[in-house]
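> Okay, here's the structure, questions in a sec.
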Amino acid sequence: MSTSLPLERPSEHLPTKLVSVDPGLRHCGVAVFNVPTHERATLHAAGLPKNPERQGGEMSLASWAAMAFSVREWLRPRLGDEPFQLVIELPRVYAAAHQKGDQNDLIQLAGTVGMLGGFLPGVSSRQSVYPRDWKGSLDADAFIERIKQRLDAAEHLRVELPSTSSLQHNVWDAIGIGLHALGRLAPRHVFPR
């Protein structure tokens with residue numbers, strides 16, 4: 001369930017940009033979409049800002065702030081001073097049978113999410129989604145293929161993927177979160193003739 005109001009289409013007073021974030025402790029997937037008033041929203045840029053803080057030992061408020069600062073600096077040349085709508089994925093604790101990894105990492109991730117939500121300048125509205133809200137339970141690789149299919153050729157050229165293939169899913173997830181918010185990610189139904 002989304003924790004805020006649905007995404008608004010821009011008018012003369014609303015922002016024409018949407019920023020979607022797949023938060024992480026060491027990297028954040030970030031996507032920027034143009035949301036014109038009467039046209040289809042398009043991907044403007046997508047990438048993977050890195051936390052410049054050394055990641056040894058315990059995470060801290062300083063590390064959360066460094067990650068948020070890195071995202072802000074990545075956004076600066078892509079947004080300028082334009083206001084934007086922010087959509088960010090919230091971490092979620094699942095039943096023990098469905099948990100992956102150290103659940104304490106979710107506390108750290110929540111700190112990063114909070115810092116991103118409060119630290120980024122120009123945010124005109126905030127919306128959050130849980131992973132299952134936008135991904136459902138589809139296999140991760142199959143879902144990345146769905147995301148890729150929703151982009152046109154020009155949008156694919158605007159995706160900045162890291163050279164490390166194990167990190168690329170973060171960028172695709174950020175794009176997927178944005179496409180979900182824009183209504184472009186729903187499964188396509190094929191009807192027989």
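Any read-out appearing in this document is the output of simple, stated calculations on the displayed coordinates, not a laboratory observation. Here the structure is a predicted model, which means the values were calculated and not measured. Note: ideal-geometry Cβ built from the backbone for every residue, glycine included; neighbour counts use all protein chains shown.
> Starting with the highest mean, order 41-49, 161-169 by the number of other Cβ atoms within 10 Å, averaged over the residues of each peptide. Walk me through the numbers before you get to the answer.
Working: 41-49: 21.2, 161-169: 12.2.
In descending order of packing, they fall as 41-49, 161-169.
> Go through 142-149, 176-183 and give me the packing order, highest mean Cβ count within 10 Å leading.
Numbers: 142-149: 15.1, 176-183: 23.0.
Result, highest mean Cβ count within 10 Å first: 176-183, 142-149.
> Next question, about the same structure. Got a sec? Which residues in the range 66-96 would a label at Ala186 touch, if it sits 7 Å along Cα→Cβ and we count backbone N under 14 Å?
Zone members listed by number: none at all.
> Taking the mean number of other Cβ atoms within 10 Å as a proxy for protection, how do you rank 125-131, 150-156 from highest to lowest?
Working: 125-131: 17.1, 150-156: 13.1.
Result, highest mean first: 125-131, 150-156.
> Another question, then. Once the piece of chain linking Lys148 and Glu73 is laid out straight, how much longer is it, given 0.36 nm per residue of separation minus the C-alpha distance between them? Kindly include the intermediate steps, with their values, before the conclusion.
Working: separation 75, 0.36 × 75 = 27.00 nm, distance 2.60 nm.
Length gained, Lys148 through Glu73: 24.4 nm.
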